[in-house]
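See structure below.
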Amino acid sequence: MRKHILLLIVIFLRCGFIFGQSETVYEGEYEFKGKTGTATFEFKEGIDGNIILDGFFRFDHKEIDSLDQTLLTKFQARGSYKNNLKNGNWLFDRERHKVHLEDVVDFKVQSTLESEEVEIRASYKEGQRDGTWDYIENIFAENKVQPKARAEKIRFTNGYIVDNLHYRNFSGNYTQFIRGRINKTGLMHGEWSLVYLVDSVLISEVRNYENGFLLGITRRNLETGQKLDEAIYFSTIDKLNKVNDGVNEGFQVAEGKFGVDFNDGYRSRALQQQIQMDGNAFMEGFIKNLLRFDEAIGEGGEILVYPFYTKRFEFEFSKEDQERLVQIPILFDQLRDTVVRFSEMNSLSLNRNKNDSLAFSHAYFDDRVRKLEQVAEIVDLIRSGQIRYYDLGNFTKDGIEYMSRVDEITYIYNDDTLLKPFPRETGFRSQESLLEDLEAYLLEEQEFVADLAGFVRGELYEIEVSSKLTAMEAQILTRKNEIDSLYLSHEAISDDEQEMFLAIYRTFLEERFDDFSKEYANEVTFEAKVEKGELLLDLLDELEKRFPALTGLYPRNLEIDRLYMEETFNPFTYTRYDVRAKERLFESGAVRLFNHYVGELKEEEDYTQIKDHVSNIEKLQERMIELRDQDTRSLERRLRRRNAPNRIESALDLG
């Protein structure tokens, strides 16, 4: 919390029993929870000169939106500190008001107001949340106040909620809510009921906890009663029974406390994890609302400290596995660095069609990047230390797909899709050997990747006979990305323009570029490769050069469309409206011949001819603008008998 003591300081010297200290009242600018406003509070100076908040505290913030002057936000905080720690009762009140201007009659403004208010009544004891809290959220609309959310008489002890929790959120004709019990140590316990909305479906969810351990979840469609999904945590129940019976070998109840996301070792895609996601998000949304002005919520809105918790088991590892827990992240990082470097290698990408082996190598490194993203799930658990809370039996229940005994790589060479299977010496065997298998898998992969990388370097050395080729290849890929972005990000004003740009992109930036790339890859001599590389660059330069003119074709035709409209007056109805001027000329030139020219451009396969097609269209458009104010009656009579594009060209003197 930054403190800005800039304005008036009113000093009250109080005779007390604290030797060498005096209490001071500050009034002025202050920042509280990221908001700048004005504050009045008592403080004292510590031995080291630091300011210690001690006594009453008042903070006010008011802000009118700089862009929307009808939007007002107000916030106030009232409470007290004791030795820099919140203490006693606190009130947080945030209001947002939106004024809708409707009319002004006799210099009196007629308007309506929409507002929302969040009021949090909190209680602290020496910085800890302690005592009764209330969360009240109201909205004001149609000249009346309506409740939006309520969570009252929430009891905190030592920073966490205890006893029953009941939160209600009123939305339309239904109520979303959280109802559950928290034991005296802050752990979720017993039956919890949740009702929340997901994708317009009102879901009723019932959970059962045993001192923080989730035992089961059932979710139903509240309106139809249909069961959506269900998960029973049999493995958790079995381990709890073993703990209660004193026969829990290799694991114990962990001492730490965990957030609302309960995990007994299941992978992220498992039903036991997926089924929790919506309910967890709903509960975390409530927590963020309740503690939004508390230090439990970070500056980015993330939950730093939960007000109630779940529990997990902690598992033992052998001495050998503990050593593997150190080595596996190191092996993984080394392997990933090599794989990523070769997957992004410009010369390998451009020369992958040189031979079957390079095509396979390029596909292999790309495939390994994706596969290592899967491996990262368990590596991240190891790196963070969370692996000790994971039941590896649950983690490996459906096997480890990326540690199969047979690996397969699909790749393309000479327009043929090929599949190359190859056996692995190592693979997943069982949960007990998971870390041993993973270490062996990474070592085998590291050895194979090192051999493949050596082969690729040798092959590319023969191809990249000079630094000029390397620079050229990098330049080609950079320019290709730039021109791709240029054409793909263009915002067309019509479907026809979008179709034209898509046709140009497919013909030249996909088909021709791929053809030229293959020719580049198939060349052997340095001189030949330079020639093909320069052809690729010339293609890209030409497309960049023609882009501004291409983007102007359809907007200019739209301007011509407006130019060939004129206002007329109907004396019988006394109305004015626009009609087409020189309709036959407009239809022949700006429609029929324009579309013909665009069609020729879309069918063109020689990139050097793009400029000629653009020039034809621009000349047509210039001619149409010239003819707007000329006497064209004779020309229009000739156009009556001329529908073919070449005859229209002749009539318009464009030949």
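The values are calculated or read from the model by the stated rules, or taken from the named source; none is laboratory data. Keep in mind that what you see is a predicted model, and the values were worked out from it rather than measured. For neighbour counting, all protein chains shown are included, and Cβ atoms are generated from backbone atoms with ideal geometry for every residue, glycine included. For accessibility, only protein heavy atoms count, side chains too; no ligands or nucleic acids. Shrake-Rupley method; radii C 1.70, N 1.55, O 1.52, S 1.80 Å.
Below, the figures for the structure above:
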| read-out | value |
| --- | --- |
| Selected residue (criterion: nearest to residue 127 (Cα to Cα)) from residues of the stretch 65-74 that are touching a Lys or Arg at 6+ places or on another chain (Cβ under 9 Å) and aliphatic (A, V, I, L, M) | 72 |
| Criterion violated by residue 605 - all others in (1) part of a helix (DSSP H, G or I); (2) touching a residue at least 40 places away in the same chain (Cβ under 8 Å) satisfied | (1) |
| Filter result for residue 216 (modelled with pLDDT of 95 or more, more than 30 Å from residue 126 (Cβ to Cβ) and of a type outside the set (A, V, I, L, M, F, W, C)) | yes |
| Unique residue being closer than 30 Å to residue 329 by Cβ and not small (Gly, Ala, Ser) when the list is 462, 447 | 447 |
| Identity of the residue in the stretch 62-74, assigned to a strand (DSSP E or B) and among the hydrophobic types (A, V, I, L, M, F, W, C), that ends up surrounded by the most Cβ atoms within 10 Å (Cβ to Cβ) | 72 |
| Restricting the stretch 587-602 to residues that are in contact (Cβ under 8 Å) with a residue 24 or more places away in the chain and hydrophobic (A, V, I, L, M, F, W, C), the residue that is surrounded by the most Cβ atoms within 10 Å (Cβ to Cβ) | 593 |
| Residue match in the stretch 394-416 (condition: open to solvent by less than 30 Å² (accessible area, probe 1.4 Å) and among the acidic types (Asp, Glu)) | yes |
| Complete set of residues in the stretch 525-550 that are among the β-branched types (Val, Ile, Thr) and open to solvent by less than 30 Å² (accessible area, probe 1.4 Å) | 530 |
| Cross-chain or 6+ apart pairs with Cβ under 7 Å, the stretch 62-81 first and at pLDDT below 90, then basic (Lys, Arg) | 70/98 |
| Test for residue 116: is it under 31 Å from the mean Cα position of the chain (by Cα) and not in a loop (DSSP other than H, G, I, E, B) | yes |
| Residue list for the stretch 189-200, filter: open to solvent by 50 Å² or more (accessible area, probe 1.4 Å) and touching a strand residue (DSSP E or B) at 6+ places or on another chain (Cβ under 7 Å) | 191, 197 |
| Verdict on residue 444 being open to solvent by 30 Å² or more (accessible area, probe 1.4 Å) and either more than 15 Å from residue 350 (Cα to Cα) or of a type outside the set (A, V, I, L, M, F, W, C) (or both) | yes |
| Tally of residues being free of Cβ contacts under 8 Å to residues at least 60 places away in the same chain and surrounded by fewer than 15 Cβ atoms within 10 Å (Cβ to Cβ) across the stretch 512-524 | 3 |
| Subset tally (residues that are exposed (fewer than 14 other Cβ atoms within 10 Å of the Cβ) and either at pLDDT 90 or above or hydrophobic (A, V, I, L, M, F, W, C) (or both)) for the stretch 92-112 | 5 |
| Residue 475, sole failed condition from (1) exposed (fewer than 15 other Cβ atoms within 10 Å of the Cβ); (2) within 32 Å of the chain's Cα centre (by Cα); (3) of a type in the set (S, T, N, Q) | (1) |
| Evaluation of residue 287 against (1) open to solvent by 20 Å² or more (accessible area, probe 1.4 Å); (2) within 27 Å of the chain's Cα centre (by Cα) (one fails), failing number | (1) |
| Leading residue by the ranking (nearest to residue 186 (Cα to Cα)) among those in the stretch 326-337 that are touching a residue at least 60 places away in the same chain (Cβ under 8 Å) and surrounded by fewer than 18 Cβ atoms within 10 Å (Cβ to Cβ) | 327 |
| Hits in the stretch 529-579 (condition: free of Cβ contacts under 8 Å to residues at least 60 places away in the same chain, touching a Phe, Trp or Tyr at 6+ places or on another chain (Cβ under 9 Å), assigned to a helix (DSSP H, G or I) and not acidic (Asp, Glu)) | 532, 535 |
| All positions within the stretch 610-645 that are without any contact (Cβ under 8 Å) to a residue 24 or more places away in the chain and more than 18 Å from residue 548 (Cβ to Cβ) | 626, 629, 630, 631, 633, 634, 637, 638, 641, 644 |
| Selected residue [touching a Gly at 6+ places or on another chain (Cβ under 8 Å), hydrophobic (A, V, I, L, M, F, W, C) and over 30 Å from residue 555 (Cβ atoms)] from 469, 535, 477 | 469 |
| Criterion violated by residue 225 - all others in (1) modelled with pLDDT of 95 or more; (2) surrounded by fewer than 17 Cβ atoms within 10 Å (Cβ to Cβ); (3) under 19 Å from residue 275 (Cα atoms) satisfied | (1) |
| The one condition in (1) open to solvent by 10 Å² or more (accessible area, probe 1.4 Å); (2) not in a helix (DSSP H, G or I) that residue 373 fails to fulfil | (2) |
| Qualifying residue in the stretch 200-209 (condition: assigned to a strand (DSSP E or B) and either closer than 30 Å to residue 318 by Cα or in contact with a Cys (Cβ under 6 Å, 6 or more places away or on another chain) (or both)) | no |
| Scope the stretch 181-195; condition under 34 Å from the mean Cα position of the chain (by Cα) and not in a strand (DSSP E or B); matching residues | 186 |
| Residues of the stretch 127-152 satisfying the condition of being of a type in the set (D, E, K, R), surrounded by fewer than 20 Cβ atoms within 10 Å (Cβ to Cβ) and in a strand (DSSP E or B) | 134, 137, 144, 148, 150, 152 |
| Given (1) open to solvent by 60 Å² or more (accessible area, probe 1.4 Å); (2) of a type outside the set (D, E, K, R); (3) not in a helix (DSSP H, G or I), index of the condition residue 426 fails | (1) |
| Inter-residue pairs, beta-carbon under 6 Å, first more than 26 Å from residue 297 (Cβ to Cβ) and in the stretch 28-47, second of a type in the set (S, T, N, Q) and open to solvent by 50 Å² or more (accessible area, probe 1.4 Å), 6+ apart | 44/21 |
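Residues checked against (1) farther than 27 Å from residue 116 by Cα; (2) modelled with pLDDT of 95 or more; (3) open to solvent by 80 Å² or more (accessible area, probe 1.4 Å):
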{"position": "154", "(1), (2), (3)": "no, yes, no"}
{"position": "158", "(1), (2), (3)": "yes, no, yes"}
{"position": "165", "(1), (2), (3)": "no, yes, no"}
{"position": "170", "(1), (2), (3)": "no, no, no"}
{"position": "173", "(1), (2), (3)": "no, no, yes"}
{"position": "181", "(1), (2), (3)": "yes, yes, yes"}
{"position": "187", "(1), (2), (3)": "yes, yes, no"}
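The rows are residues; the columns are (1) of a type in the set (Asp, Glu); (2) assigned to a strand (DSSP E or B); (3) under 16 Å from residue 120 (Cα atoms).
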{"residue": "25", "(1), (2), (3)": "no, yes, no"}
{"residue": "60", "(1), (2), (3)": "yes, yes, yes"}
{"residue": "76", "(1), (2), (3)": "no, yes, yes"}
{"residue": "91", "(1), (2), (3)": "no, yes, yes"}
{"residue": "96", "(1), (2), (3)": "no, yes, yes"}
